[in-house]
Amino acid sequence: MTPDCTSESGPDGASLRIRVLGCAGAIAKGHRTTSFLVNGAVLVDAGTGVGDLTLDEMARIDHVLLTHAHLDHIAALPLMLDAAAARRQGPVTVHALPATIAALQQHIFNGLIWPDFTVLPSTEQPFMVFKPFEVGQQFPLAGLHAEVLPAAHTVPAVGFALAPQGSGALHWVFSGDTGYHPAFWHRINQLPVGMLFIETAFSDREASLAAASQHLCPQSLARCLALMAPHAAYPVYITHAKPAEATHVMTEIRQLNVFRHASGLAPLAIDGLFAGQVLKF
Ligand SMILES: [Zn+2]
Ligand SMILES: [Zn+2]
């Protein structure tokens, strides 16, 4: 779980290598929206962080997993497909909920905002194919095992658990955008978790806005973390804070361990993510 700059999936014993391309709730210099590159071949969400990839790195992405259709999670998808197309042989497979796919087809790849890459350059050999999934579905993906996790957001949304194939492997879990949602915790408490990325989009002074937009703030994050299995000891990384709020959000979150200590609970290893970070386990 140490930052490094070695190859995307080098022979260094690490099974999962997660490169943080974007982990902010909005853009500004040095801040990019949600996108994580897993083992160089699987992109989880396609926010503006994708713009930091080289053309060759983009061309190696065979699969994109989308948590939901909000712009901060899909903004770079149309542009990435266009940029990488000339260097690729086959289509990129975009995995998402049926409702997310329908939104992309209707509002983005509609021939007005952007071309329909599911029929270009030809229906036989398109740049992109959509593959729908459902909450709870498990499937193999580029040498990994993927599971679609429940989330509660203002539009249909999911989280993901990814692990190397094989029983007992530790999972990287990503909440996606979500409010308080016990079903998510019920499921991940059954998994061997190696690392959790969870959103906290707002600070507590915007708690009402967080609730209305079905995001988390530190106080609702605390309610979530109270659902974590008592024996769990995996590190927790915070994502999706707005650039202007990120420092404040992390200050409030660090206070959670003070309250946990007062309640007799073990402190959590909890930290913020930053763009460019690489985590392995
Ligand atoms: Zn969202
Ligand atoms: Zn978002």
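The values are calculated or read from the model by the stated rules, or taken from the named source; none is laboratory data. Since the model is a prediction, treat every value here as computed from it, not as a measurement. No Cβ is skipped: glycine too gets one built from the backbone with ideal geometry, and neighbour counts run over all protein chains shown.
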When you check Val64 against the structure, is it within 13 Å of the chain's Cα centre (by Cα), at pLDDT 95 or above and more than 16 Å from ligand 1 (Cβ to nearest atom), yes or no? yes
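Looking at Gly176, Gly136 in this structure, which one is under 25 Å from His63 (Cβ atoms) and within 14 Å of ligand 2 (Cβ to nearest atom)? Show your work before the answer.
Working: Gly136 fails: within 14 Å of ligand 2 (Cβ to nearest atom).
Matching residue, one of Gly176, Gly136: Gly176.
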Does segment 70-81 hold any residues that are more than 10 Å from ligand 2 (Cβ to nearest atom) and assigned to a loop (DSSP other than H, G, I, E, B), and which are they? Ala75, Ala76
One residue from Ala275, Ala244, Ala211, Ala222 being within 16 Å of ligand 2 (Cβ to nearest atom), in a helix (DSSP H, G or I) and within 22 Å of the chain's Cα centre (by Cα): Ala211
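Would you point out the residue of segment 91-136, among those that are part of a loop (DSSP other than H, G, I, E, B) and charged (D, E, K, R), that is surrounded by the most Cβ atoms within 10 Å (Cβ to Cβ)? Give the derivation first.
Within segment 91-136, the subset part of a loop (DSSP other than H, G, I, E, B) is 91, 97, 108-127, 133-136.
Pick out the ones that are also charged (D, E, K, R) and you get 116, 124, 134.
Working: Asp116: 15, Glu124: 6, Glu134: 9.
It comes out as Asp116.
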Can you give me the number of residues within segment 55-74 that are in contact (Cβ under 8 Å) with a residue 40 or more places away in the chain, among the β-branched types (Val, Ile, Thr) and farther than 19 Å from Glu199 by Cα? 0
How many of the residues in segment 41-59 are away from ligand 1 (no atom under 15 Å from the Cβ) and within 15 Å of Leu21 (Cα to Cα)? 12
Give the residues of segment 22-40 that are within 12 Å of ligand 1 (Cβ to nearest atom) and assigned to a strand (DSSP E or B), sorted by residue number. Thr33
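Residue by residue through segment 167-182, note down the ones that are away from ligand 1 (no atom under 16 Å from the Cβ) and under 20 Å from Thr239 (Cα atoms).
Looking only at segment 167-182, we keep the residues that are away from ligand 1 (no atom under 16 Å from the Cβ), and these are 167-173, 182.
Correct list: His171, Trp172, Val173, Pro182.
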